4 protein chains.
Amino acid sequence: MILHLNKSIGCDRAHAIADSAKAFVIEKDDKFVLISSSSHKELDASYANEVSEHFVFENDMQLSSKKYINATREVKIGNTTIGGNTGNTLLIAGPCSVESESQIQESSALLKELGLTTLRGGCYKPRTSPYSFQGLGLEGLKLLKKMNQEHGLTVITEVRDATHVQEVIEYSDVIQVGAKAMYDQGILRACAKTQKPVLIKRGFGTTLQEFVQCAEFVLSGGNENVVLCERGIRTFETKTRFTLDLCGVSYLKEHTNLPVILDPSHAMGHAYGVPDLTRACIAMGIDGLLIEVHPTPKTAKSDASQQLNHQEFKDLLKTMQPVANSVGRKIV
Amino acid sequence: MILHLNKSIGCDRAHAIADSAKAFVIEKDDKFVLISSSSHKELDASYANEVSEHFVFENDMQLSSKKYINATREVKIGNTTIGGNTGNTLLIAGPCSVESESQIQESSALLKELGLTTLRGGCYKPRTSPYSFQGLGLEGLKLLKKMNQEHGLTVITEVRDATHVQEVIEYSDVIQVGAKAMYDQGILRACAKTQKPVLIKRGFGTTLQEFVQCAEFVLSGGNENVVLCERGIRTFETKTRFTLDLCGVSYLKEHTNLPVILDPSHAMGHAYGVPDLTRACIAMGIDGLLIEVHPTPKTAKSDASQQLNHQEFKDLLKTMQPVANSVGRKIV
Amino acid sequence: MILHLNKSIGCDRAHAIADSAKAFVIEKDDKFVLISSSSHKELDASYANEVSEHFVFENDMQLSSKKYINATREVKIGNTTIGGNTGNTLLIAGPCSVESESQIQESSALLKELGLTTLRGGCYKPRTSPYSFQGLGLEGLKLLKKMNQEHGLTVITEVRDATHVQEVIEYSDVIQVGAKAMYDQGILRACAKTQKPVLIKRGFGTTLQEFVQCAEFVLSGGNENVVLCERGIRTFETKTRFTLDLCGVSYLKEHTNLPVILDPSHAMGHAYGVPDLTRACIAMGIDGLLIEVHPTPKTAKSDASQQLNHQEFKDLLKTMQPVANSVGRKIV
Amino acid sequence: MILHLNKSIGCDRAHAIADSAKAFVIEKDDKFVLISSSSHKELDASYANEVSEHFVFENDMQLSSKKYINATREVKIGNTTIGGNTGNTLLIAGPCSVESESQIQESSALLKELGLTTLRGGCYKPRTSPYSFQGLGLEGLKLLKKMNQEHGLTVITEVRDATHVQEVIEYSDVIQVGAKAMYDQGILRACAKTQKPVLIKRGFGTTLQEFVQCAEFVLSGGNENVVLCERGIRTFETKTRFTLDLCGVSYLKEHTNLPVILDPSHAMGHAYGVPDLTRACIAMGIDGLLIEVHPTPKTAKSDASQQLNHQEFKDLLKTMQPVANSVGRKIV
């Protein structure tokens, strides 16, 4: 249940009511917003007449629900705003992993050449084997920061676990919570305490409700700049790496107020399918895309098979704007 | 393994070789086409020099493979051809079930008004409960035939089991093998003996390889007019009815030579998601769509929640051609 | 909803009420049993006072529900009864496919030597490729019949599709509805018209509710001799062929009144796991087992990797009775 | 690839070779054990003659593989050893969450009364909603420690994220890595640096290979006391909470050298199925069990529906030893 209290009630009284309702408190403009479990359906008589507005929910998708805010929230990523009525579909691109300065410079140059603004690159790779390349760590973060400073690119990178979440918050412009880490409250609670935008990837075994509830950890902790990212779920099918869940995206668009970004590269796992899937994603009317592109995919230290090379990416980009136009959106 | 034998070899010798190779035989234009298990990798010396061409495969996706025919096959549905270089995306629409003459006349009128040619409607419903509406059966088939005769519509309906496959072949212009029936060899072998087009729906628990191999039953039996239909697979996610597998569609487009049609209505299970998903499907560059539309969805005897009403369908149709244009395709 | 009407009401009136309630009718001992959709929750005033007893359900698991009959039904398989208070766990064994008379004689000899009574063997194999061995068909059925006549073995074989369901009903003592055919109403309705026991395998993509509802097709059609068989569901895990769903078995035991048989061979797909899984199944307190055993598994024409050889099967059998004893059951 | 080097080679040379082979190093008794990626198949000539033994693997299940150690490793949990030839099946029991001192005292008393040694209880609960009870945290850890000191019970509790991993290592006798945290390298690497036993739960969307590779993070970091725990995977079936994967357990027993413990409570999600499943697990011949039991399940702050009450647990315990006996094992 969400309660709105007029600010005039005062901080002490707001927190007293919150304690009594076992609720989180957010101060927002002219009001206090209290969020307690969705199992609470009735206002307590002891404070009912102090509540200016309240909202009841079937489950713990609350702050993220269209029943609370009947629109898509705006989130600012660098100088670009997505969501709301912007009609923007933000194209985030770059290699799976930051591997070296020369590589990430090449990637940055590609983005600049194409007029793109937002660079992705993993530094802490959540590899399933200890014997694979694990990412450059802090050195990678510094390279991304350099790309930001030298080229004005907005950078986004993934937190793997809570031990380095503060470093990522410090160096990266957007915090990506990876598919394997999205239940991690150490990360989510840290993300709630910054105002930097947070992109949460859906775990491949995660239901839509659990996914959205992870966002609630950040929202209820005080950071409203949350973006959801569908990147494929794990099913019985093995010819493709994962199964991109566009039905789930329809659900998220209908029922939540958070911008939705799609990652067709990880879902497909094979470069050949990325162009068709990218165009399909755009036609869904979504708020952004994450596409993996690498100067020389065959030598990539991770996800070699699914990254486009620079020419493939340029060819794909040319086909994106027409699809976006056809559904009234703009690739930015 | 597929072998090509020159027709001059004669029917007896072709069948003798086929027996020796445990192969199916198709007579095709100027040659005999022999198909045996993909586990055969080497030509037998006793007939090797009589083989004009041969093809080896990793698995039993053979006649359907792009390694055999490196293009999408053309299939004629009524007066429209899909596949090949046609660029056509065939829009098949109609109610889940044929419920009455007045209902199916309304559906036909809608299609005629919108310039559409192909009407769907179930007569033998594969309901999971014996206590639900099971379809009108033969009476429904006759109504569909009437729509074909009165309005010139191409009609498509589903075979539920082998007991009525001959009736469906007789009355329907396109034979639909349903998701729950697609392993049914009684149906597949009957479909192989007609030349009417066969649309095979992927089972919701069916791998892509099994799916394509079902098509091989029809192709190897002598009917080349086979179309694949992805309609959602069953995953752990329950907020939507099924999960539309567009990664799988990418795989099919890359690896098979069969036209691919998509059914977003069954995948989503909720009317609200059908428009976005339909546009996404079109942007994938696929060969056709199956959309459920009903004069009054709320009173529908099956699948009430996922059928569009007539106005929603008209609104959707207006948005389809622009997306199709953006990827060089035509809604027909 | 299930209604009981006293027999004295007369056949005509019973059917009149059934028509009005859109219900199936079964004559049973001293009463008429009417079954209509579970969406009916209220008795119609026009016949309410003629109803001796009625049962309301949440879904269309009705005749099979413990809410209707609060016990496990007894089903006679050959001379053995399972279910009820028998404590019997029936061990059904034999090869995946009937391949030749000598092979099936060897299998029969093994069963006789071990004091077992029930022989399995597939004649119509639901292979996923048209280019694999498809089974001996009617010739196989005749071989099974011969084993029944020569050795007194109860035989069970699978119906693949409705084209040969009458032959299987004629030749086999137990009708197996395979995992790929279990939605097939042509088969289910034919099984409803015999009184031979019917073993329905759960489809690998089939929910428990759908599974039980398939049994309702047979039960409501008048054949009460229905047994459920769990044989593994399809999940994301590929190291094993399927995933044996023992949680689902707990659900079936708690909520349905039908005997449950398990098939660890198909679930595992590898002979090495069959002994441990078999013992686990027995410890669940189930009504029977289907185990694949072949004279020479390596040369088997289907499912070579999962069949035990005769020695492995004998070794396994020795370990079965102690586990059965520990949970108060008897291997028969 | 795993290399064994004789200790006489000296620490410097061992590490030089490890650097050259991009390998982890463990000092073990009389040798250095070097582990590098399984993609390495050939010994480098520069050090080949210094290698006393080497092992090649198909994938990165290496230290955990039966191809490396062809037995189940022994792991000491408190005063009890599992694995090896002990035949022990360790019964770990207790509430889902530590809720209060009185509650955990009741649980401890139950264990003492029944002669059990190992108490479970969650302090950092990985809840999917921020608005649910999140566990007592450090206060809970201290209560567990108290149970250890007052009653001599071995205690096990779960790490939710890396922010509190050191506390759990300090207070708990066994470190449980939860199903949602098992990819977390911050946790896994911390666990590698202690010698306390680590129980890793399989994620519900995690393949067996990924699961075992998580164990490799701990093993290759120097802690050999690793136990695997299967607790149900997420499938399309929703009548039960998860699907206990006993086929997967067969795979783990056949291919890995790590002890395997099962958690039927979380898999089933309903108390009614726990007894049957528990007996099935024991009959699999596994090394341990995690069972949830609560003084008053209905008032439990988490997982209320799946916890047994004390009487149900006692009744279950009486049935466990006979099953264990039947497969040559001992409940401890």
Legend entry - Those residues of region D:308-322 which are more than 23 Å from the chain's Cα centre (by Cα) and within 11 Å of chain C (Cβ to nearest Cβ), in sequence order: D:Thr319, D:Pro322
Legend entry - Output for region B:8-22, where each listed residue is open to solvent by less than 20 Å² (accessible area, probe 1.4 Å) and under 21 Å from B:Ser65 (Cα atoms): B:Ala18, B:Ala21
Legend entry - Number of positions in region C:135-164 that are at the interface with chain B (Cβ under 9 Å from one of its Cβ atoms) and either crowded, with 23+ Cβ neighbours inside 10 Å or over 30 Å from B:Val159 (Cβ atoms) (or both): 3
Legend entry - Residues (touching a Ser or Thr at 6+ places or on another chain (Cβ under 6 Å), open to solvent by less than 40 Å² (accessible area, probe 1.4 Å) and of a type in the set (Phe, Trp, Tyr)) located in region A:23-57: A:Phe57
Legend entry - region D:278-307, subset assigned to a helix (DSSP H, G or I) and within 16 Å of C:Tyr251 (Cα to Cα), residue farthest from the other protein chains (Cβ to nearest Cβ): D:Thr278
Inset, instruction - Quick one: in region D:49-61, of everything that is under 25 Å from D:Val227 (Cβ atoms) and in a loop (DSSP other than H, G, I, E, B), which residue is nearest to the other protein chains (Cβ to nearest Cβ)? - result: D:Asp60
Legend entry - Number of positions in region A:121-174 that are polar (S, T, N, Q), within 12 Å of A:Val98 (Cα to Cα) and touching a Ser or Thr at 6+ places or on another chain (Cβ under 6 Å): 1
Inset, instruction - Within region C:74-105, track down each residue that is on the phi > 0 side of the Ramachandran plot and either open to solvent by less than 10 Å² (accessible area, probe 1.4 Å) or at pLDDT below 95 (or both). - result: C:Gly83, C:Gly94
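Per-residue answers, yes or no, for (1) within 17 Å of the chain's Cα centre (by Cα); (2) closer than 23 Å to B:Ile200 by Cα:
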| site | (1), (2) |
| --- | --- |
| B:Ile82 | yes, yes |
| B:Gly87 | no, yes |
| B:Pro95 | no, yes |
| B:Val98 | no, yes |
| B:Ser108 | no, no |
| B:Arg120 | yes, yes |
| B:Pro130 | no, no |
| B:Leu144 | no, yes |
Legend entry - Sole residue being within 14 Å of chain C (Cβ to nearest Cβ) and either touching a residue at least 12 places away in the same chain (Cβ under 8 Å) or more than 20 Å from the chain's Cα centre (by Cα) (or both), chosen from B:Ser20, B:Ser8, B:Ser39, B:Ser46: B:Ser39
Inset, instruction - Please specify each residue of region A:224-277 satisfying the condition of being at positive phi and touching a helix residue (DSSP H, G or I) at 6+ places or on another chain (Cβ under 6 Å). - result: A:Gly232
Legend entry - D:Ala71 being modelled with pLDDT under 95, open to solvent by 10 Å² or more (accessible area, probe 1.4 Å) and of a type in the set (A, V, I, L, M, F, W, C): no
Legend entry - Enumerated helices (runs of 4 or more DSSP H) restricted to region C:203-277, each holding at least 1 residues that are within 13 Å of chain B (Cβ to nearest Cβ) and surrounded by fewer than 24 Cβ atoms within 10 Å (Cβ to Cβ): C:208-220
Inset, instruction - List every residue pair whose Cβ atoms lie under 6 Å apart, where the two residues are 6 or more positions apart in sequence or sit on different chains, the first residue falls within region B:319-332 and is of a type in the set (Gly, Ala, Ser), and the second residue, located anywhere, is in a helix (DSSP H, G or I) and buried (at least 21 other Cβ atoms within 10 Å of the Cβ). - result: B:Ala324/B:Ile282; B:Ser326/A:Val323; B:Ser326/A:Ser326
Inset, instruction - Being away from chain C (no Cβ under 12 Å) and among the acidic types (Asp, Glu) is the filter; apply it to region B:170-202 and report the residue that is surrounded by the fewest Cβ atoms within 10 Å (Cβ to Cβ). - result: B:Glu170
Inset, instruction - Consider only pairs whose beta carbons are under 6 Å apart and that are at least six residues apart or on different chains; among these, list those whose first residue lies in region D:55-84 and is more than 11 Å from D:Pro259 (Cα to Cα) and whose second residue is at pLDDT below 95 and among the polar types (S, T, N, Q). - result: D:Phe57/D:Ser38; D:Asn59/D:Ser38; D:Asp60/A:Ser129; D:Asp60/D:Ser38
Legend entry - Residues satisfying the stated conditions in region B:308-332, i.e. in a helix (DSSP H, G or I) and of a type outside the set (A, V, I, L, M): B:His310, B:Gln311, B:Glu312, B:Phe313, B:Lys314, B:Asp315, B:Lys318, B:Thr319, B:Gln321, B:Pro322, B:Asn325, B:Ser326
Inset, instruction - Would you check which residues across region D:278-314 are among the aliphatic types (A, V, I, L, M), open to solvent by 10 Å² or more (accessible area, probe 1.4 Å) and in contact with a helix residue (DSSP H, G or I) (Cβ under 7 Å, 6 or more places away or on another chain) and list them? - result: D:Ala304
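The values are calculated or read from the model by the stated rules, or taken from the named source; none is laboratory data. This structure is a prediction, so every number in the text was calculated from the model and none was measured. Here the Cβ is made from the backbone with ideal geometry for all residues, glycine too, and neighbour counts use every protein chain on show. To get the accessible areas, we keep the full protein, side chains included, count just its heavy atoms, and leave off ligands, DNA and RNA. Shrake-Rupley method; radii C 1.70, N 1.55, O 1.52, S 1.80 Å.
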